[in-house]
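The values are calculated or read from the model by the stated rules, or taken from the named source; none is laboratory data. Everything numeric in this text was worked out from a predicted model, so none of it was measured. FYI the Cβ positions are ideal-geometry reconstructions off the backbone, even for glycines, and counts take in every protein chain you see.
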Amino acid sequence: MPWYSDLLTAVSAKKPRPDGKPAVSVRERFSALKNLPEFLRLIWQTSPGLTLGNVALRLLRAALPVAMLYVGQLILDAVVQLSRQPAADRTLTPVLTLVALEFGLAIVSDALGRGVALLDSLLGDLFANRTSVRLMEHAAELDLDQFEDSTFYDKLERARRQTLSRTVLMAQVLSQAQDAITMAFLAVGLVTFNPWLLLLLVAVIPAFLGESHFNERSYSLVHGWTPERRELDYLRQTGASDETAKEVKIFGLSPFLIDRFRLLSDEFYQKNKDLVIRRAGWGTFFAGVGATGYYAAYVYIISQAVRGQITIGQLTFLAGSFARMRGLLEGILSRFSSVADGALYLQDFFDFFHLKPRIVRDETRPARPFPHPIREGFRFENVGFKYRNAEKWALRQLNFELRAGEKLALVGENGAGKTTLVKLLSRLYDPTEGRILLDGYDLREYDPAELRQEIGVIFQDFVRFQLSAGQNLAVGRIEDKDNQPRIESAAAQSLADSVVKKLPGGYDQIIGRRFAGGVDLSGGEWQKIALGRAYMRDAQLLILDEPTAALDARAEHEVFQRFAELTQGKTAILISHRFSTVRMANRILVIENGQFVEIGSHEQLLAKGGRYAELFALQAAGYR
């Protein structure tokens, strides 16, 4: 079945893609143009001065093609007229004046073109930078569970790609306006001579319809393959990265990763290959149709000149005008398809910014000020939490207190819900049911940003920032990144100062291997740096979520011993699999399968002979 039957079908309905998902209909592609006003508003906000300058230069440049064709007509007519005069009466001054004028117009046109290109580049770079900043700012406002959703990541990935590629759309939209103005000037000349010539321009419309169809198919293919393309990027990074090289080599993963990458990339290549081959074939055919219309008009104009109905100069003007107008119309129609295509991708960009966080401060009433100091502590009342799209509860029916100034240890097997509990406490999540109280008031009544300022959390999977050692420590309180005494104090408290002393550049040394001159650290050294962030925080509640897993038993004991000493009078939560560390806490909370099991001091729980005592005995047996 020829492709144009698909196009006719697509006008009224969505045609399924090869993967079975609905394609984008022609109506949706035209509907996507509604995004352009908002897009142009963003460009204006980026730099009103550059935008006005760009528009002004394009307006001037739009009028030059007609002016140059008209001057060319005058030159030819003047030359013909001179050739008919006696040799003694001939003077080149009028002709040379016209040539000088055309030369000046050519210089001005080139200068305006370079000026437009310069402003396009500057405005495009500035727009890409501003939109990248806006994307990061919006991402920072969204909830943690949104980042844990694959659909969200697809939107984020598509929006991230648009921050750079939409600068091309900006130039295309402005070029459309410029070419439309030029066409209007050229059309006046053609209509004055013979209005019927304009009808021959419709010969380029089939080419426009063909480009529209194949742009729609290309967008559908790229849009539908967003998850697979993310997987391709992941496989490419995993297969050639310093972070994964050890395990890839040890486990011999390269063949598996390469085969998976080859399978996905070849499948995408085959789908795209079929599309571009058909696009090239039909594009060639319709380009021939357009050329036929142009040369039909050209023959007609020549016949008029042969009959003496127009001058040679007029012949040149009309032929040039028609050729230029045909080229502009082809460009406008082709670019229109690209603009509509770009507007579809622009929808992905705006869709990301339409995502709203759910964990926000209630604007209808003033936020409750965070207590300084915390007087009563935190209380969990029948708290339950279920992850988005999950059937199983991660936590259920939690009822306990974390008293002010108390050190509470969380114990449970992997997956018991300990880290989820910590994220609820720091309001990275909100409970699905129940509530968490701070000094008798629901956490939702406090400003989330102020709440998190008073909580210092170091997770087991902390981020190894490819920054200087000092900046890695300052992450805990980034507003104090220039406060060197505070940074050094935090390093001393976390024992990271011994790590920094070995670095060639000290606190200014880049750590990590991503950038030139960077020095990598061992797992234990990285963890001491991460622990320093907690001390930088100087928060009322400190949480260590298994951040010392890479340390040996002696080093971990020393770290927690110092932690206990330095957090006197502060509330703290410790999560560790080593019971020698856990027993330092005032009380120990045991969680199993997301539910409360028991709570008490080390001695109380041993005497009770419950789940804690069982786990303690199992670990103790391993040291005998």
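What to note about this one:
- Scanning segment 414-456 for residues that are in contact with a Leu (Cβ under 8 Å, 6 or more places away or on another chain) and in a loop (DSSP other than H, G, I, E, B) turns up 417, 426, 427, 428, 429, 430, 431, 454.
- Residue ID - modelled with the lowest pLDDT, chosen from residues in segment 313-352 that are among the β-branched types (Val, Ile, Thr) and farther than 26 Å from residue 157 by Cβ: 332
Per-residue answers, yes or no, for (1) surrounded by 15 or more Cβ atoms within 10 Å (Cβ to Cβ); (2) closer than 30 Å to residue 31 by Cα:
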site: 342; (1), (2): yes, yes
site: 366; (1), (2): no, no
site: 370; (1), (2): yes, no
site: 373; (1), (2): no, no
site: 385; (1), (2): yes, no
site: 390; (1), (2): no, no
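- Check on residue 118, without any contact (Cβ under 8 Å) to a residue 40 or more places away in the chain, surrounded by 12 or more Cβ atoms within 10 Å (Cβ to Cβ) and under 24 Å from residue 314 (Cα atoms): no
- Hits in segment 491-505 - residues which are closer than 15 Å to residue 468 by Cα and either of a type in the set (S, T, N, Q) or surrounded by 13 or more Cβ atoms within 10 Å (Cβ to Cβ) (or both): 491, 496, 497, 499, 500, 503, 505
- From the list 77, 125, 120, the lone residue that is of a type in the set (D, E, K, R) and under 15 Å from residue 61 (Cα atoms) is 120.
- Among the residues making up segment 473-500, those that are more than 34 Å from the chain's Cα centre (by Cα) and of a type in the set (D, E, K, R) are 486, 488, 497.
- Residue among 319, 296 that is closer than 30 Å to residue 176 by Cβ and free of Cβ contacts under 8 Å to residues at least 24 places away in the same chain: 319
- Evaluated against (1) polar (S, T, N, Q); (2) in a helix (DSSP H, G or I); (3) on the phi > 0 side of the Ramachandran plot, residue 397 falls short on exactly one condition, (2).
This table checks each residue for (1) farther than 26 Å from residue 372 by Cβ; (2) assigned to a loop (DSSP other than H, G, I, E, B); (3) at pLDDT 80 or above.
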position: 531; (1), (2), (3): no, no, yes
position: 534; (1), (2), (3): no, no, yes
position: 544; (1), (2), (3): no, no, yes
position: 548; (1), (2), (3): yes, yes, no
position: 551; (1), (2), (3): yes, yes, no
position: 556; (1), (2), (3): yes, no, no
position: 561; (1), (2), (3): yes, no, no
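- Scanning segment 509-526 for residues that are under 30 Å from the mean Cα position of the chain (by Cα), closer than 26 Å to residue 479 by Cβ and not in a loop (DSSP other than H, G, I, E, B) turns up 510, 511, 526.
- Checking 256, 268, 349, 261 one by one, the residue that is in contact (Cβ under 8 Å) with a residue 24 or more places away in the chain, under 41 Å from the mean Cα position of the chain (by Cα) and surrounded by fewer than 17 Cβ atoms within 10 Å (Cβ to Cβ) is 268 and no other.
- Helices (runs of 4 or more DSSP H) wholly inside segment 1-107 that include at least 3 residues being at pLDDT 85 or above and over 23 Å from residue 128 (Cβ atoms): 48-83
- Qualifying residue in segment 468-481 (condition: of a type in the set (Gly, Ala, Ser), outside the structural domain of residue 142 (by TED's automatic domain parsing) and surrounded by fewer than 17 Cβ atoms within 10 Å (Cβ to Cβ)): no
- The set of residues from segment 128-157 being in a helix (DSSP H, G or I) and within 19 Å of residue 430 (Cα to Cα) comprises 139, 140, 141, 144, 145, 146, 147, 152.
- The number of residues in segment 35-67 being crowded, with 19+ Cβ neighbours inside 10 Å and more than 30 Å from residue 348 (Cα to Cα) comes to 5.
- Residues (buried (at least 17 other Cβ atoms within 10 Å of the Cβ) and of a type in the set (A, V, I, L, M, F, W, C)) located in segment 121-138: 123, 127, 128, 135
- Filtered by the rule that a residue be assigned to a helix (DSSP H, G or I) and aliphatic (A, V, I, L, M), segment 342-373 gives 343, 344, 346.
- Where residue 600 falls short, out of the listed (1) in contact with a Lys or Arg (Cβ under 8 Å, 6 or more places away or on another chain); (2) surrounded by fewer than 19 Cβ atoms within 10 Å (Cβ to Cβ); (3) modelled with pLDDT under 90: (3)
- Unmet criterion (only one of (1) at pLDDT 80 or above; (2) surrounded by 15 or more Cβ atoms within 10 Å (Cβ to Cβ)) for residue 361: (1)
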